[in-house]
Protein chains: 2
Amino acid sequence: MTTSTPSVLISEVGPRDGLQSVSRTMATGDKKRWISALHAAGLREIEVASFVPASLLPQMADAAEIVQYALTLPGLTVMALVPNLRGAQSAIAAGVHKLTIPVSASAAHSLANVRKSREQMLAEVRNIVALRNEIAPHVHIEANMSTAFGCTIQGEVAEDDVVRLAAECVAAGVDESGLSDTTGMANPAQVRRLFDKVRAAIGDRTGAAHMHNTRGLGLANCLAAYDVGVRTFDSSLGGLGGCPYAPGASGNVVTEDLVFMFEAMGVSTGVDLEKLIAARAPLKAGLPGEPVYGMTPEAGLPKGWNHSVRAEPFDKLRTGPVEALRQAQGERS
Amino acid sequence: MTTSTPSVLISEVGPRDGLQSVSRTMATGDKKRWISALHAAGLREIEVASFVPASLLPQMADAAEIVQYALTLPGLTVMALVPNLRGAQSAIAAGVHKLTIPVSASAAHSLANVRKSREQMLAEVRNIVALRNEIAPHVHIEANMSTAFGCTIQGEVAEDDVVRLAAECVAAGVDESGLSDTTGMANPAQVRRLFDKVRAAIGDRTGAAHMHNTRGLGLANCLAAYDVGVRTFDSSLGGLGGCPYAPGASGNVVTEDLVFMFEAMGVSTGVDLEKLIAARAPLKAGLPGEPVYGMTPEAGLPKGWNHSVRAEPFDKLRTGPVEALRQAQGERS
């Protein structure tokens, strides 16, 4: 395996986004074994838990213990979701490297999801940033615009609302604002347009693409985001987090298929695909009978597959074709 | 529904590619009902049969009757696959508008699939063209480069071989040469690169993208092909034609998901998505118990979905973003 810096960062969200969508609770020891296997496959950012009341999400009751375990894995960025200041206090106390805060772009979804208006949620973001600045300035904060591409409650979400909210989060002091297709409504043209607008507003503070595969467009939307310069992608091993093939389900992008796409393209992920597929075993062992998806693991790697041969140097890959053409255009004009 | 010319042509291959992959034979009356429903949904090119000996493919024994029925559907381009001169004679006698000839880019696959070397297959293409020119000059001929993106027998397929073969088919007199990911090994970077090379060699004779979803990249590969100017896409209703979720299966791109992607992007297909989803019923009725796939039909159309509102005029959509940027670049430089 190459030791050069990967071209894209695959941010694995299964242990948080996946596990909290499953009604059963994975045992703490099983979570540790699964996270270890993900780390062993080369994943270097994992959302390991969310800090919410155990009465609401018993699946996450062991969040602090899981964070402390994940901190022992070398080179891993340990991330946790926090919906409010209280969660941020607990997550920082547990020692996380990175906080992710969900901020709904849809007014209706914001009220339904966190019982706060968007303005109230922005105030919460400011409180979390103030806390971080005071007691843990090294901790990285990401805000992720939920329902950025459409809302199952209110329908269309105005693109200007998304861009403004992402910019307001940056103004509030977060390190990056990403976009999430919470509802599986995004399409590639919209992904390119909206990430372009967000980048025009906040530049390098533009964060991850969190795409869902609800209608089968997950990888196409990731490709579209890559084309306009996005370099961090959220996904979930086995597509855990809402069955991707059930009516109305959320359906996270499957990490195995996403890594296969990028590696096949010659875009280095730093992830060993065979070890990644092996990391399905501890997931299945920890949640027996739970459906685990993924086309690449089912079909197997293609004949002649050779990860190391396909990897190209980082500098060739920092820009996608659309972005590269734009740059060439800019250089010429 | 808009009556303007669609921006892309969805070429439905289920009644041929799909049905010949299923061991059971759909009854002739059921095939007619299914093809009618596909036509009613707005599909304007359907590969309805292959002309091969009934002893080899009993599923296609009624090919002539199916072609004659399909010819009664207004505005439909009736296409059939022919592997050799004899098949072409029968297909032309039945009255097809368009022939599609599979030509393996992989030497090993060519021998395995049609028991001919690539050179021998090219000779067959020349014979078919001569026949067409003599007795049915109005019939359109498409050659499709099988295993263009990799081969399960020989592994890698040299891109120069693919480009040369596509050009030789055009030199032999076919109207278009397309590329087929027979084995589900294509990735978006390769799709863009190879279609670019083929277009550089044969220009507007560049034909359809026939992508498979074996490893989940079907739609991403279609998007990549669209980005570099491809405007005809083969797909199969319900993904019929090799279970897309089984080891080693071929897995055609699901027409419903492909149409959803393009229509959501504002790229007109001329297909009514609700009627297309309704066309699953006669397929299921004709092959009870056969697995029928598709994420969009499972999840349903998103809230606020409005096909006609999303359609944009044809002239805005003739070029994908990469192509449009290239043109802009060309105009400026």
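Observations
- Scanning segment B:159-193 for residues that are hydroxyl-bearing (Ser, Thr, Tyr) and within 14 Å of another protein chain (Cβ to nearest Cβ), we see that the one that is nearest to B:Phe233 (Cα to Cα) is B:Thr182.
- Test: residue in segment B:94-111 that is more than 19 Å from the chain's Cα centre (by Cα), closer than 22 Å to B:Ser11 by Cα and small (Gly, Ala, Ser): yes
- Screening A:Lys116 on (1) in contact with a strand residue (DSSP E or B) (Cβ under 7 Å, 6 or more places away or on another chain); (2) in a loop (DSSP other than H, G, I, E, B); (3) over 23 Å from A:Gly286 (Cβ atoms) shows it passes everything except condition (1).
- The helices (runs of 4 or more DSSP H) falling completely within segment B:274-331 that include 1 or more residues that are out of contact with any Phe, Trp or Tyr (no Cβ under 6 Å at 6 or more places or on another chain) and either facing chain A (nearest Cβ under 10 Å) or modelled with pLDDT under 90 (or both) map to B:295-299, B:307-310.
- Of all residues making up segment A:140-182, the number that are in a loop (DSSP other than H, G, I, E, B), farther than 13 Å from A:Leu122 by Cα and in contact with a Gly (Cβ under 9 Å, 6 or more places away or on another chain): 10
- Qualifying residue in segment A:239-248 (condition: modelled with pLDDT of 95 or more, part of a helix (DSSP H, G or I) and touching a Phe, Trp or Tyr at 6+ places or on another chain (Cβ under 9 Å)): no
- Filtering segment B:109-158 to residues that are small (Gly, Ala, Ser), open to solvent by 30 Å² or more (accessible area, probe 1.4 Å) and within 14 Å of chain A (Cβ to nearest Cβ) leaves B:Ala112, B:Ala158.
This table checks each residue for (1) touching a residue at least 24 places away in the same chain (Cβ under 8 Å); (2) open to solvent by less than 20 Å² (accessible area, probe 1.4 Å); (3) in a loop (DSSP other than H, G, I, E, B).
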| site | (1), (2), (3) |
| --- | --- |
| B:Gly18 | yes, yes, no |
| B:Gly42 | yes, yes, yes |
| B:Ile46 | yes, yes, no |
| B:Ala64 | yes, no, no |
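- Hits in segment A:195-208 - residues which are more than 13 Å from every other protein chain (Cβ to nearest Cβ) and assigned to a helix (DSSP H, G or I): A:Lys197, A:Val198, A:Arg199, A:Ala200, A:Ala201, A:Ile202, A:Gly203, A:Asp204, A:Arg205
- Any chance A:Ala201 is of a type in the set (A, V, I, L, M, F, W, C) and surrounded by fewer than 24 Cβ atoms within 10 Å (Cβ to Cβ): yes
- Residues of segment B:167-212 classified as in contact with a His (Cβ under 8 Å, 6 or more places away or on another chain) and hydroxyl-bearing (Ser, Thr, Tyr), total: 3
- Scope segment B:209-235; condition at the interface with chain A (Cβ under 9 Å from one of its Cβ atoms) and open to solvent by 10 Å² or more (accessible area, probe 1.4 Å); matching residues: B:Asn213, B:Arg215, B:Gly216, B:Leu219
Quick grid of which residues meet (1) in contact with a Lys or Arg (Cβ under 7 Å, 6 or more places away or on another chain); (2) aliphatic (A, V, I, L, M); (3) without any contact (Cβ under 8 Å) to a residue 12 or more places away in the chain:
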| position | (1), (2), (3) |
| --- | --- |
| A:Arg132 | no, no, no |
| A:Ala136 | no, yes, no |
| A:Val139 | yes, yes, no |
| A:Gly150 | no, no, no |
| A:Gln154 | no, no, no |
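- Test: residue in segment A:167-180 that is more than 13 Å from A:His210 (Cα to Cα), among the small types (Gly, Ala, Ser), open to solvent by less than 30 Å² (accessible area, probe 1.4 Å) and modelled with pLDDT under 95: no
The values are calculated or read from the model by the stated rules, or taken from the named source; none is laboratory data. Everything numeric in this text was worked out from a predicted model, so none of it was measured. Every residue, glycine as well, gets a Cβ built from its backbone with ideal geometry; the counts of neighbours run over all protein chains shown. Quick note on the areas: whole protein, heavy atoms, side chains included, nothing else; ligands and nucleic acids left out. Shrake-Rupley method; radii C 1.70, N 1.55, O 1.52, S 1.80 Å.
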